[in-house]
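Note sheet for the following structure.
The values are calculated or read from the model by the stated rules, or taken from the named source; none is laboratory data. These numbers were taken from a predicted model, which means no experiment stands behind them. Note that we place each Cβ from the backbone using ideal geometry, even for glycine, and neighbour counts take in every protein chain shown. What goes into the accessible areas is simple: the full protein's heavy atoms, side chains included, and nothing from ligands, DNA or RNA. Shrake-Rupley method; radii C 1.70, N 1.55, O 1.52, S 1.80 Å.
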Amino acid sequence: MIKSGAVAATTSLPGQDQPARGFPGVKQLFSQNKILALLIAIALIWAFFAWKTEGGYLTPRNISNLLRQMSITGMLASAMVFVIISGEIDLSVGSLLGLLGGVAAVLDVHYHMPLAGNLAIVCGLGLLVGLFNGYWAAYLRVPSFIVGLAGMLAFRGVLLGVTGGSTIAPVSEQLVYLGQGYLPTLWGDLMGVVIFVIAGVVTWRSRMNNVRYGLPVAPLWRDVSRVVVAGLVILGFVRVLNAYDGIPIPVLLLMVLLALFTYMATQTVFGRRIYAVGSNMEATRLSGVNVRGVKLAIFALMGLMCAFAGVVNTARLAAGSPSAGSMGELDAIAACFIGGTSMRGGVGTVHGALIGALVMASLDNGMSMLDVDSFWQMIVKGTILLLAVWIDVVSRGSSR
């Protein structure tokens, strides 16, 4: 029998990468400082579009729109990163988002369902569909690529049937607020203070735990610098958004999901098992972990996030559209890969996927402002996805 230590020996924990071989420059930039490299890339993208739009790109209004635009992809990417880390893929998320958003619009417009009831029904449906997909992939051993491909076609067909191929509108003001509302500026300021305090407490507790267990402790100035930088980022974030109308509700929801999914990935047994399954599924199974159950739960979570993103997308558009969610799976998967999730499983972070979603949204927003033809936008996004996977392959020394 393989002992549990075998899993630990073959598992990449969140934030840890495998040793890289190949191009030294690429190794250092994308393996050791991947998030920093992404942030630099975002800064360069923003600087370029700010220059081309004569500053219009960086106005508070456009930043608010950009973050709202990113929130839908971010919600999908938060769960998609778990799917990919576990060594699977789900191509049905865009169609499922459209379908569940359409159901939410029908319940709201035709049946005048209260928002709470609407959310409960749609999220329940998303959970069931996610379990359905997971059962096919985990228990019936149908490759998840095929399960997702079948779902992509079937869910889009059901959506056309549910909506009759027509836009369902207008939805109620309650539902619209979920996608177009703003957090009052005072509450935004208070939220910024709370996040800053939490960041300081978490850093201090981590430092004390390292001291207690005799682990290496970073210099005090480094931890203080991190907290100060975090405070400046939070201050800038809140000030810029409050300079327009406040923090958009979809962005607020995405921040809550970021905290929940990061906690799940780094602080729970379930999160550790996701990485273990993706790193070495056989060793994990022999260690007594219910691998099929873990994968089933991951797909269920993906379905739930599709439901949540579908409702928010319908609220943002103030209508249920039969074309909603088209190519959404590409954006979510690309965000994960750009954010450092390995296509071979076992490696990836939630915050990295959200930064990847910000890269995609920044490109979308900037090219739309410059009135770039849609075919060029697709070419650019496809190229970025290809480069992200290539960098993953090179930085991890893959050989075929």
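Remarks
- Scalar couplings 3J(HN,Hα) for the range 50-64, obtained by applying the Karplus form with A = 6.51, B = -1.76, C = 1.60 to θ = phi - 60°, are 5, 5, 6, 9, 6, x, x, 5, 9, 6, x, 5, 6, 4, 4 Hz; x denotes Gly and Pro.
- Packing-based ranking, highest mean first, of 35-44, 153-162, 316-325, 202-211 given that Cβ atoms within 10 Å are counted: 316-325, 153-162, 35-44, 202-211
- Local net charge near Asp223, Cβ-Cβ under 15 Å (Lys/Arg +1, Asp/Glu -1): +4
- Spatially proximal aspartates and glutamates relative to Lys52 (Cα-Cα < 15 Å; intrachain offsets below 8 disregarded): Asp364, Asp371
- Overall form of the range 130-256 per C-alpha gyration tensor (a/c, 1.5; a/b vs b/c): oblate
- Residue-normalised accessible area of the range 166-206, given per residue in Å² at a 1.4 Å probe: 66 Å²
- Charge tally in the Cβ shell below 13 Å around Gly200, where Lys, Arg are +1 and Asp, Glu are -1, Gly200 excluded: +2
- Highest average packing first - 212-218, 184-190, Cβ atoms within 10 Å: 184-190, 212-218
- Across the accessible surface of the range 54-131, with the other protein chains kept in place and a 1.4 Å probe, carbon and sulfur atoms take up 69 percent.
- Shape of the range 24-147, Cα gyration tensor, a/c cut at 1.5: oblate
- Under 16 Å from Lys34, Cα to Cα: aspartates and glutamates that are on another chain or at least 8 residues apart: Asp17, Asp392
- Whether the range 174-321 is rounded, prolate or oblate, judged on the alpha carbon gyration tensor where a/c under 1.5 counts as rounded: oblate
- For Leu183, the residues 5 or more places off, or on other chains, whose built amide H falls under 5 Å of its own are Ile247, Ile249.
- Only helices enter the 222 nm calculation for the chain: every DSSP H run of n ≥ 4 contributes -39,500 (n - 2.57), and dividing by all residues gives -24500 deg cm²/dmol, rounded to 500.
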